[in-house]
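**Student:** Please see the structure below; I have some questions.
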Amino acid sequence: MSGVVAAVDLGATSGRVMLGYVADGAVRLEQVARFPNGPVTAADGSLRWDFAALYDHILAGLAEAVRREPGIASIGIDSWAVDYGLLRGDELLDAPFHYRDERTAAGVEAVHAVVPFDELYRRNGLQFLPFNTLYQYAVDAQSREADAALLIPDLIAFLLTGVRVAERTNASTTGLLDVRTREWDTELAQRLGVPRSALPPLVDPGASLGAVRGEALERIGAPLEVVAVGSHDTASAVVAVPLASPSAAYISCGTWGLVGVELDEPVVTDAAREALFTNEGGVDGRIRFLHNVTGLWLLTETVSAWAEQDGSPLDLGELLDEASAVDGEFALFDANDPRLSAPGDMPARIAAVLRGSGSSVPESRAAFVRTIVESIAVAFADALTTVARVTGRHLDVVHIVGGGSLNRLLCQATADRSGLPVLAGPVEATALGNVLVQARAHGWFGPDATLETLRAAVAASVPLVRYEPAPART
Ligand code: LRH
């Protein structure tokens, strides 16, 4: 069976509108629009998203999608996790905060004073990340005045359809979802003073949310149905990882590198908590048992700081080629050092982290890039060792999907440092997962399609690049 859907896929550095064509068990994407995204500093100094611009790009992209392909069956929306918009009446109160805004430090203290972290982990299964939504609510006075808090994809779905829901995979990143029942933990919310308005009715990927209406309908030009997908981008990406067995791990590599495996049940042991592993909700009730590694953020921020110094753009591809040619010992740093998480002069910060640990700072830009890539690969390899230890799984391959799958240096370094073969691709895993969940909801994969059916479609449609690990270093 065949058809076409539209995917709105928003990452922390860029957004896309794609058409997804499904026919005979295979899938193909066509990019309709791509637009920049990123933190903006508001007049009060806070770090926010330029949501008005983002929404405008989405409407323009969807209008173009309809113009190119009038037969679109539905729209699905996914984005980065944890961030939300507040509504009063039907109005957005303010531009949503960016999760890298530093206000959350006070939120962490406030939450842990009421519910200690080990109890939180047993309830919500989330690794500690200072920006998890519950910490943001704790310092967001406006959230008490709002009559709804909607995560970014749910907010967009609301603006399109008027329907207020919380899609479950992304809701799992708020910290307020019970890791076992996958329902809101209302008792936890009450203890933390989170208003009920922040807990809209939950829906699962595949649910129909209704048709585009009002001003959005005028802009888009067709009353398209909005279908919930794995609206957390990582959940959609994991749908499109062609995992062949439980021994396969994945790294969804974009701004972040999300390193983990798929499980049927959560693991909330002391070992998992201490290893900083999270149990996020996947599509079809699966668990995304993974660790957040600071990923390409380190590279993109470095390159943009250099471009600013030079007053002209830099070609990352060229820099990576030069970095591949650098030999010898590479200085390494902890990619997850919290000093590297806010936007700013990344080369200076990495240099400070290197010096602080007694390492020398590479002199050339090529060597600096090599140090970044190797440091990310070391963090990936460590997370793979840990996931094998904590789950008791033997791993025999790691898939890298997302933008990082095109970074040959990173893929090879990950293979070398983990000792596992790397299968790279698809690059657009997130949009593919978004498209495939919609397609399944329309019945295009038959009545009994599982995630394995969808992954078989990816395997049949996208060539993967294999990187063998180099013989172990001595
Ligand atoms: C990746 C991602 C990740 C979250 C972070 C906020 O885009 O959604 O899974 O931890 O952004």
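**Student:** Would you mind computing the Rg to Rh ratio of segment 329-412 from its alpha-carbon coordinates, Kirkwood style for Rh?
**Tutor:** Rg divided by Rh gives 1.01.
**Student:** Hey, another quick one. When you have a sec, figure out the Kirkwood radius of segment 20-86 from all distinct Cα pair distances and drop it here in Å to one decimal?
**Tutor:** 14.6
**Student:** Rounded to the nearest 500 deg cm²/dmol, what is the calculated helix-only ellipticity per residue at 222 nm for the chain, with -39500 (n - 2.57) per DSSP H run of length n ≥ 4?
**Tutor:** Result for the chain: -11500 deg cm²/dmol, rounded to the nearest 500.
**Student:** What number do you get for segment 1-154 when its Cα radius of gyration is normalised by 2.2 N^0.38 Å, N = residues?
**Tutor:** Working it through for segment 1-154, the quotient is 1.24.
**Student:** In whole Hz and in residue order, list the ³J(HN,Hα) couplings for segment 428-435 that follow from phi through the Karplus curve 6.51 cos²θ - 1.76 cosθ + 1.60, θ = phi - 60°; x for Gly and Pro.
**Tutor:** Values per residue, Gly and Pro as x: 9, 4, 5, 5, 5, x, 4, 5 Hz.
**Student:** Taking 8 Å as the Cα distance limit and 6 or more residues as the minimum spacing, I'd like the relative contact order of segment 3-233 as a percentage.
**Tutor:** Computed value for segment 3-233: 21 percent relative contact order.
**Student:** May I pose another question? When averaged across all projection directions, what area in nm² does the alpha-carbon convex hull of segment 160-275 cover?
**Tutor:** 10.0
**Student:** Let me know the whole percent of all Cα-Cα pairs from segment 89-141 that are separated by more than 13 Å.
**Tutor:** Here the long-distance tail beyond 13 Å is 60 percent of all Cα pairs in segment 89-141.
**Student:** Hand me the trypsin sites (Lys or Arg not before Pro) from segment 372-474 located in a DSSP loop with no more than 14 other Cβ atoms within 10 Å, in residue order please.
**Tutor:** Hits after loop and neighbour filter: Arg473.
**Student:** So who's got an amide H within less than 5 Å of the one on Leu202, skipping anything under 5 residues away but keeping other chains? H placed 1.01 Å off N, in plane.
**Tutor:** So Leu202 has HN proximity to Ala166.
**Student:** If contacts are Cα pairs under 8 angstrom and at least 6 residues apart, what is the relative contact order of the chain in percent?
**Tutor:** Relative contact order comes out at 17 percent.
**Student:** May I ask for the net charge around Asp315, where only other residues with Cβ less than 13 Å from the Cβ of Asp315 are counted and Lys, Arg are +1 while Asp, Glu are -1?
**Tutor:** -3
**Student:** Where in the chain lies the longest segment free of GluC sites (Glu not before Pro) that are both loop residues by DSSP (not H, G, I, E, B) and have at most 11 other Cβ atoms within 10 Å?
**Tutor:** 1-328
**Student:** Would you mind computing Rg(Cα) / (2.2 N^0.38 Å) for the chain, counting N as its residues?
**Tutor:** For the chain, the normalised Cα radius of gyration comes out at 0.94.
**Student:** Between beta-carbons, use under 9 Å as the cut-off and find the net charge around Ala424, counting Lys and Arg +1, Asp and Glu -1.
**Tutor:** Here the charged neighbours net out to +2.
**Student:** I need the fraction of alpha carbon pairs in segment 243-425 separated by more than 22 Å, rounded to a whole percent.
**Tutor:** Of the Cα pairs, 46 percent sit more than 22 Å apart.
**Student:** Now for a different question. State the three equivalent ellipsoid semi-axes of segment 108-208, derived from the C-alpha gyration tensor as the square roots of 5 times its eigenvalues, in descending order and whole Å.
**Tutor:** After diagonalising the Cα gyration tensor, the semi-axes are 22, 16, 11 Å.
**Student:** How large is the Rg to Rh ratio of segment 214-328 when both quantities use alpha carbon positions and Rh follows Kirkwood?
**Tutor:** We get a ratio of 1.12 for segment 214-328.
**Student:** Percent relative contact order of segment 243-425, based on C-alpha pairs within less than 8 angstrom and at least six residues apart?
**Tutor:** This gives 27 percent for segment 243-425.
**Student:** Based on C-alpha coordinates, I'd like the Rg and Dmax of segment 397-456, in Å.
**Tutor:** Rg then Dmax for segment 397-456, in Å: 14.5, 42.
**Student:** Pull up the DSSP beta bridges for segment 243-425 and report the antiparallel fraction as a percent, rounded to 5.
**Tutor:** Rounded to the nearest five, the antiparallel share is 65 percent.
**Student:** For segment 344-461, divide the Cα radius of gyration by the Kirkwood radius and give the resulting Rg/Rh value with two decimals.
**Tutor:** Taking Rh as the inverse mean 1/r over Cα pairs, Rg/Rh reads 1.11.
**Student:** Can you tally the net charge around Thr41? Count Lys and Arg as +1, Asp and Glu as -1, for every other residue whose Cβ sits under 10 Å from the Cβ of Thr41.
**Tutor:** Around Thr41, the charge tally is -1.
**Student:** Can you list residues from other chains, or at least 5 along the same chain, whose modelled amide H is less than 5 Å from the amide H of Ala33?
**Tutor:** Val17
A short reminder: the numbers here are calculations on the coordinates, not readings from a lab. As the structure is a prediction and not an experimental result, all values here were calculated from the model. Don't worry about glycine lacking a Cβ; one is built from the backbone with ideal geometry, like all the others, and counts go over all protein chains shown.
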